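What follows is calculated from the coordinates using simple rules that are stated; it is not laboratory data. Computed from a predicted model, the values in this text were never measured in an experiment. Every residue, glycine as well, gets a Cβ built from its backbone with ideal geometry; the counts of neighbours run over all protein chains shown.
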Amino acid sequence: MMKHRTVLFVALAALMSATFILAVSGCPKTQEKADQTTAGPTPPAGPTAAKAAGSPDGKITIAMVPKLIGIDFFNACEKGAKEAAAELGPEVELIYDGPNESKVERQIEMINSFVDQGVDVVAVAANDPDAISGCLKRAADAGVIPITWDSDASPEASGRRFFINQATPESIGYALMDELARQAGEDASYAIISGTPTAANQNIWMEYMEKRRVEKYPKMTALTTEFPGEDQAAAMEAAQGLLKRYPDIKGILGITSVSFPGAVEAVVNAGKQKDVSVVGLATPNPMKEWIHNGDIKSVVLWNPVDLGYLTIYACVAAKKGELEKGATSFKAGRLGEVKVDGDQVILGDPLIFTKDNIDQYDF
């Protein structure tokens, strides 16, 4: 009888011990799951972790994300990016892709996907500086270097290393207002056609345009600003509306590469090109016919091929540690020494394309 009691006691003790072990071993998993739920999504292990430590094959993979694909400006940027990647050789793999519409939500999806794939650098032309910042910070936390170009993100919130700036916002804003005053007159009334209301680059250009107007052209009158998105047909409709609402308007500023040609088309179709001066930013190729016909006098821009080219060189230099905080310049292939101002890499001053020089450019 005593023997049976001993066996029963041992079995009961073993069962209690096993139950205790299972309970204790299950707690960390439960807490880990709760922590993950509270903290939100975490970067995956595997390829991303490997990239954070440096690609074992030495290749640098760059995902370059424009605001949208399929328009002349970003096609020209792609051309320059591919040129730079080819020059840098097999050590650089370039993925150039973006949304079909200028929507930041789609950019965020694509950036998160690139981070999960384990790219080394993600370079984005931000459609919305605040909305894009979270996924760029996630990229940085995962060991992927975030770079912005053309249009910046929030520097602190995004953790981005550098902004590859086509020109200073001041120089762009001033150049646009100076051209408008020269063509429409220093007492002209005018309207602006921008892109999206959240585009950081266009918004800061407009701030400097207004500053220039107040300081140098106080007799000029700003009528309104339209935001038809990155859509040339919508920009043309916006310009048509302006011509009807403001019959005495003397100037229209189209400050995106699609709003400018859209505005020109509306003015030319209305036969008002001698009465309304259209000034703006665009790639030269789609504007050449209007320039040579005398419908417009100039096109303001920088060289987007060089912007794409510079972006890739900056991405590679940042990954290699050749472009770091505190730098004042760095070498960028055929562009030579390029100025670095704080956390911005500056391509240079805007270009003014006219009848005399526009045929020298092919983009």
Hull surface over four for the Cα convex hull of the stretch 49-199, reported in nm², is 10.2
Sorted on mean Cβ neighbours within 10 Å (highest first), peptides 83-92, 263-272, 178-187, 321-330 come out as 263-272, 178-187, 83-92, 321-330
With x for Gly and Pro, the residue-by-residue ³J(HN,Hα) of the stretch 234-250, computed from phi through the Karplus equation 6.51 cos²θ - 1.76 cosθ + 1.60 at θ = phi - 60° and given in whole Hz, is 5, 5, 5, 5, 4, 5, 4, x, 4, 5, 6, 6, 10, x, 9, 4, 10
For the stretch 169-301, the percent of all C-alpha pairs falling in each 5 Å bin, from 0 up to the bin holding the max distance, is 2, 12, 24, 27, 22, 11, 2
Residues whose modelled amide H sits under 5 Å from the amide H of ALA123, counting only those 5 or more places away in sequence or on another chain, are ALA63, MET64, VAL65, ILE147
Taking placed amide H atoms and a strict 5 Å upper bound, the residues 5 or more places from SER329 or on another chain that come that close are VAL340
The answer for the net charge of residues other than GLU186 whose Cβ lies under 14 angstrom from its Cβ, with Lys and Arg +1 and Asp and Glu -1, is +2
Taking R0 as 25 Å and r as the Cβ-Cβ distance between ALA270 and GLU210, the FRET efficiency 1/(1 + (r/R0)^6), rounded to the nearest 0.05, comes to 0.40
Scoring the stretch 169-301 by relative contact order with C-alpha pairs under 8 Å, at least six apart, yields a percentage of 27
Long-range amide H partners of LEU351, meaning residues 5 or more apart or on another chain whose placed amide H is closer than 5 Å, are LEU301, TRP302
Expected vector for the stretch 277-289, Karplus 3J(HN,Hα) from phi with 6.51, -1.76, 1.60 and θ = phi - 60°, integer Hz, x for Gly and Pro, equals 8, 10, 10, x, 9, 6, 6, x, 3, x, 9, 4, 4
So, over other residues within a Cβ distance under 13 Å of VAL345, counting Lys, Arg +1 and Asp, Glu -1, the net charge is -3
Note to self: C-alpha centroids of the stretch 307-358 and the stretch 92-119 sit apart, in Å, by 22
Net charge (Lys, Arg +1; Asp, Glu -1) of residues whose beta-carbon lies under 11 Å from that of THR168, THR168 excluded, is -2
Listed by chain and number, the aspartates and glutamates with an alpha carbon less than 12 angstrom from that of LYS288, same-chain partners under 8 positions apart left out, are ASP356, ASP359, ASP362
